[in-house]
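Presented below is the structure to which this report refers.
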Amino acid sequence: MAKAAEISPEVADGHPQEWLAEVLRIRFEEVLQFLDAALDPSGVDAVHDIRVAIRRLRSILRDFGSVVDKRPLAELTKALKKLGSELGRVRDIDVLIEELEELEKKADGKYKEGICLIIDEMRERRAREGKELTNSITGEFVLELRSRFTASIESALRQRRQFEFENVRDEGSRTIRKCLDEFKELSDAFYRPYSVKKLHRLRIAGKHLRYAIELFQPQFGNKLKPFAEGMKRMQSHLGEIHDCDVWVERMTSIADKKAKDDVEKLKHYAAVWLISQFVERRTSAYSAALALWLEWDSAGFCGELESTV
């Protein structure tokens, strides 16, 4: 995965408004940087990179919505959300195909053919989604996206009075504490292993917190590095839980179909076996996430982060 470009600490020495404009510009250029590569059918990593870049940009727009004109901001956010959703459908299939290919290697002979049939079905779906994505991301779309972005930045530059914080470090402290509070508020999901929606919301809140920590890390030196690394570990566990939930749902839709012929029977039995594998993997990821949360609770991770900022 491509690493987000670091924001020079010197940029934060000026007016916070100018810092925000530069941060948004850098994050937006990262989105555009991955667009062409994401349209390549073999660009599996590029699809992931642009999704992460979009999430980082949307996270900043979300946190600073109060200091940017809401109308161009709303249009930009809407366009980014739509693009992210389209990329998400492609990415989900890419990851599933990779996982199915690995599981096919270790599966018993009676499941292998069915798994290969499911992989073929997923590749056909990937081709359709990829074509729709190509039709969406045209030169005109990119120009319009840039126009909306420019309008948002220009609007922000006209609204110096809305910037209530005096320096970037103070705003970093406020933003990180806000994201931390949101994460803690949803933390009861750790004790609800089968609540897919609650765990999903917790995962999203964890991403917001991690992106905020990474964004403002230059203002706090190396003090935030352990917290960024900790959130990365937690995000990995929660992300795997989410992936398994998506995969189980897809395999369930295949297993639920009435087998009208031998091909459908092969896919049915393969899907049932795959569900068992995904549930096992999900359990392992959930156990790891819960263990890490309990470790944090014992060590005062959240309290230390709050004190640091």
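Structure notes:
- Per the conditions (1) more than 15 Å from Leu202 (Cα to Cα); (2) surrounded by 13 or more Cβ atoms within 10 Å (Cβ to Cβ); (3) aliphatic (A, V, I, L, M), the sole criterion not satisfied by Ala285 is (1).
- Filtered residue count, the range 209-227, keeping only those that are crowded, with 20+ Cβ neighbours inside 10 Å and either more than 15 Å from Asp170 (Cα to Cα) or of a type in the set (Asp, Glu) (or both): 5
- Val246 fulfils the conditions (1) farther than 20 Å from Met122 by Cβ; (2) open to solvent by less than 40 Å² (accessible area, probe 1.4 Å) except for a single criterion, (1).
- The lone exception for Lys110 - which of (1) modelled with pLDDT of 80 or more; (2) buried (at least 17 other Cβ atoms within 10 Å of the Cβ) it fails: (2)
For (1) in a helix (DSSP H, G or I); (2) of a type outside the set (Phe, Trp, Tyr); (3) touching a residue at least 12 places away in the same chain (Cβ under 8 Å); (4) open to solvent by 80 Å² or more (accessible area, probe 1.4 Å), each residue gets a yes or a no:
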position: Arg58; (1), (2), (3), (4): yes, yes, yes, yes
position: Arg62; (1), (2), (3), (4): yes, yes, yes, yes
position: Lys81; (1), (2), (3), (4): yes, yes, yes, yes
position: Glu99; (1), (2), (3), (4): yes, yes, yes, no
position: Glu140; (1), (2), (3), (4): yes, yes, no, yes
position: Leu145; (1), (2), (3), (4): yes, yes, yes, no
position: Ser152; (1), (2), (3), (4): yes, yes, yes, no
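- Of all residues in the range 226-261, those satisfying the criterion of being over 24 Å from Ala212 (Cβ atoms) and without any contact (Cβ under 8 Å) to a residue 24 or more places away in the chain are Glu249, Thr252, Ser253, Ala255, Asp256, Lys257, Lys258, Ala259, Lys260, Asp261.
- Verdict on Val44 being modelled with pLDDT under 75, open to solvent by 20 Å² or more (accessible area, probe 1.4 Å), closer than 21 Å to Gly239 by Cα and of a type in the set (Val, Ile, Thr): yes
- Pair list, Cβ < 6 Å and 6+ apart or interchain, from the range 283-296 residues that are touching a residue at least 60 places away in the same chain (Cβ under 8 Å) to residues that are surrounded by fewer than 18 Cβ atoms within 10 Å (Cβ to Cβ): Tyr286/Pro193
- Qualifying residue in the range 102-117 (condition: within 23 Å of Ala37 (Cα to Cα) and in a helix (DSSP H, G or I)): no
- The range 182-195 - residue that is open to solvent by less than 70 Å² (accessible area, probe 1.4 Å) and either in contact (Cβ under 8 Å) with a residue 24 or more places away in the chain or part of a loop (DSSP other than H, G, I, E, B) (or both) and, of those, nearest to Cys302 (Cα to Cα): Phe183
- Tally of residues being in contact with a Pro (Cβ under 9 Å, 6 or more places away or on another chain) and modelled with pLDDT of 95 or more across the range 181-223: 1
The values are calculated or read from the model by the stated rules, or taken from the named source; none is laboratory data. Note that the structure is predicted; figures quoted are calculated from it, not measured. Heads up, the Cβs are rebuilt from the backbone with ideal geometry, glycines too, and the neighbour counts pull from every protein chain shown. The protein model used for the area step is the full one, side chains on, heavy atoms only, and it has no ligands, DNA or RNA in it. Shrake-Rupley method; radii C 1.70, N 1.55, O 1.52, S 1.80 Å.
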